[in-house]
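Taking it in order: structure first as structure tokens, then the write-up.
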Amino acid sequence: MRMVPISSCTVFPASGSCTMTGYGLLLAVIFLTLFYAGECAIVDVNRTSALEEARLQRENLVRKYLKRLKKEEGALKLVGGRGDYEGNVEIFHAGKWGAICDDEWDQSEAEVVCRQLGFPGHVKPTHTGHFGRAKRKFWMDNLWCGGKESELADCHFDGWGTNDCEAGEAAGVICKQHDAVPTSTSKPIPTEMKVQKERVGQQLELRLVGGRVEGEGRVEVRIVNGDGDTGPWGSVCGDGWGLLEGNVACRQLGLGYANNAVQTDFFSDEAETGTKLPKRVLLSGTECYGNESTLADCLHDPIGIDGGPGRCSERWGHVAAVTCVPVMADLVFDHVEMEQSLHLEDRLMYLLQCAMEENCLATQAYEIQRDNPNWHLETRRLLKFTARVVNMGTADFRPHIPKHLWEWHLCHMHYHSMEVFATFDVIDGHGKRVAEGHKASFCLEDNQCLPGVEPRYACANYGDQGISVNCSDIYRHNIDCQWVDISELDVGEYTMRVAINPEFKVPEMRFDNNAATCRLLYTETYARVFDCKLERP
């Protein structure tokens, strides 16, 4: 490589730092670090410590600018958002940017992302491609962070590039913005970007277009004014479109339940116009709780004066579509079984090695394993309980992962068909999660059925997995990972929350009976849950 001379290099005796002239700061610093580290003339040969300090300063400056240029391993950026504080998360690895899957994506991961990006915290994590479909390969899946990691790459995950995710499963965040008044060099957020979502306030007509059979197609809407006049038909942007929104659309159309809610141009206008360009976007940012009667009752980005916001993370081909079916599964969590079976158990870490392979303990347990040579003699306190899930719907509940992608787990000696089927959280009085049960992999089977119902699904011998109608899948309290690690938790009163199918990966009739939220009383000698109520995850 040809060496280009530096125009000048001056050492200040007080600090030993070098000042470069003749080149841009970034180029000079990088060039100096790579080729001329330690080559500046030193006035005092005894100032080796000052020279070392200067070298470290230069290295830190290089890292700082590389971070700004987002070319350092593990660097993050947010894409598709309305400002630099929100968007789908992408991470830099092996010289390429990649997306992150939303499996197990929650507040802990969002907190790490926002802190790494320099924001004071997170507002909320987002799922199902809330800011658009993933445009790159997924680098990370099944992320599990304790919330205190300095970088997202320090968290547990399946391995770089190992995933079973589709483009619509991109994980994102909305970060807290700095309260400080922006300086002249900062990028202010336009006022229109801060507008809150709202309900339409007018009646919306709905139809499905482009489907091959009745009950499928892209979703189109038009506004019905108070005098009965209707506006033009428009499409719905696919940002954030998922099963919750799909269920509302199917319910409004009287077509049953959403079996699939996708962001696609498959049901395009190509047959009508000869192009794949959909009608203009009328609704964007649709966000439903899931129990609304019509899409008009959901939240949306404000509709503009011209009849539509025209805002979507992708310019073409990113529209909401749905497939409706007349029968559907409906899972209900049995909170009474949890109340009766919940208890404390202190257990040696030596006996928890299989569970630790699946990240079933708190972050502190892995720090003990790393730092203490006698870690296997340490004890963890576990809040154990039985989880019984009943299918009260009209169709079997089946895992969304194809059978050939199921994972064999040597510890449990069977295949796992669901990566995230249940989450267990302990929450303090301020709404902060202070302990969690990380149960990342599951097999589904018919453990108990009503009289006259024959069990159909079993985990053994690579059998088909699922939960039949009027049958229950039971994870008993003596099974690995059927607990919350509360070793670092102070005694007191908390809220305990158990959620089934928490990320809405598998369609159901409704989701407002999938979670149980209970009061938790924890003392030095016992624990109990009570006053449980069913709600949406």
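The values are calculated or read from the model by the stated rules, or taken from the named source; none is laboratory data. Bear in mind the structure is a predicted one, so any value in this text is a computation, not a measurement. Because the Cβ atoms are built from the backbone with ideal geometry, glycine has one as well, and the counts that use them run over all protein chains shown. Heavy atoms of the whole protein, side chains included, go into the accessibility calculation; ligands, DNA and RNA do not. Shrake-Rupley method; radii C 1.70, N 1.55, O 1.52, S 1.80 Å.
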Task: Residue check for Ala329: modelled with pLDDT under 95, under 26 Å from the mean Cα position of the chain (by Cα), surrounded by 15 or more Cβ atoms within 10 Å (Cβ to Cβ) and of a type in the set (A, V, I, L, M, F, W, C) - done: no
TODO: Kindly indicate the residue of region 382-429 that is modelled with pLDDT of 90 or more and among the charged types (D, E, K, R) and also most open to solvent (accessible area, probe 1.4 Å) among those meeting that condition.
DONE: Arg398
Task: Scope region 196-217; condition in a strand (DSSP E or B) and either among the acidic types (Asp, Glu) or in contact with an Asp or Glu (Cβ under 8 Å, 6 or more places away or on another chain) (or both); matching residues - done: Glu198, Glu205, Leu206, Arg207, Leu208, Val209, Gly210, Glu216
Open item on the list: Conditions first: (1) acidic (Asp, Glu); (2) outside any loop (DSSP other than H, G, I, E, B); (3) modelled with pLDDT under 90. Asp306 passes all but one, so which condition is the exception?
Closed with: (2)
Task: Residues (part of a loop (DSSP other than H, G, I, E, B) and either open to solvent by 40 Å² or more (accessible area, probe 1.4 Å) or farther than 30 Å from Asn291 by Cα (or both)) located in region 483-503 - done: Ile486, Ser487, Glu488, Leu489, Asp490, Val491
TODO: Out of the residues in region 215-252 that are at pLDDT below 90 and charged (D, E, K, R), state the one that is least open to solvent (accessible area, probe 1.4 Å).
DONE: Asp239
- [ ] Using the structure shown, decide if Val336 is closer than 21 Å to Ile474 by Cα and not hydroxyl-bearing (Ser, Thr, Tyr).
- [x] yes
Open item on the list: Looking at the structure I just gave you, is Leu255 modelled with pLDDT of 75 or more, assigned to a loop (DSSP other than H, G, I, E, B) and surrounded by 18 or more Cβ atoms within 10 Å (Cβ to Cβ)?
Closed with: yes
- [ ] Taking Arg476 as the residue in question, decide whether it is open to solvent by 20 Å² or more (accessible area, probe 1.4 Å), at pLDDT 95 or above and not hydrophobic (A, V, I, L, M, F, W, C).
- [x] no
TODO: Identify the residue in region 504-521 that is open to solvent by less than 20 Å² (accessible area, probe 1.4 Å) and hydrophobic (A, V, I, L, M, F, W, C) and, among all such residues, is modelled with the lowest pLDDT.
DONE: Val506
Open item on the list: Could you list, ordered by first residue, the pairs with Cβ atoms under 8 Å in which the first is in region 151-177 and closer than 15 Å to Glu407 by Cβ and the second is open to solvent by 60 Å² or more (accessible area, probe 1.4 Å), at least 6 apart or interchain?
Closed with: Asp164/Leu405
- [ ] Return the residue satisfying two criteria in turn: it lies in region 337-365 and is part of a loop (DSSP other than H, G, I, E, B) and closer than 11 Å to Arg381 by Cα, and of such residues it is least open to solvent (accessible area, probe 1.4 Å).
- [x] Leu361
- [ ] Output the strands (runs of 3 or more DSSP E) that fall wholly within region 69-148 and possess 2 or more residues being closer than 22 Å to Ala435 by Cβ and either open to solvent by 40 Å² or more (accessible area, probe 1.4 Å) or assigned by the TED database to the domain that holds Ala171 (or both), or say none.
- [x] 122-126
Task: Any hit, region 402-410, residues being over 27 Å from Val262 (Cβ atoms) and in contact (Cβ under 8 Å) with a residue 24 or more places away in the chain - done: yes
Task: Selection count where residues are part of a loop (DSSP other than H, G, I, E, B) and either touching a strand residue (DSSP E or B) at 6+ places or on another chain (Cβ under 9 Å) or open to solvent by less than 10 Å² (accessible area, probe 1.4 Å) (or both), scope region 430-453 - done: 12
Open item on the list: Can you tell me which residue is nearest to the chain's Cα centre (by Cα) among those in region 458-473 that are within 19 Å of Phe333 (Cα to Cα) and open to solvent by 10 Å² or more (accessible area, probe 1.4 Å)?
Closed with: Val469
TODO: For Lys533, indicate whether it is open to solvent by 10 Å² or more (accessible area, probe 1.4 Å), part of a strand (DSSP E or B) and closer than 26 Å to Trp105 by Cα.
DONE: yes
Task: Residues (modelled with pLDDT of 50 or more and either part of a loop (DSSP other than H, G, I, E, B) or open to solvent by 50 Å² or more (accessible area, probe 1.4 Å) (or both)) located in region 163-193 - done: Asn163, Asp164, Cys165, Glu166, Ala171, Lys176, Gln177, His178, Asp179
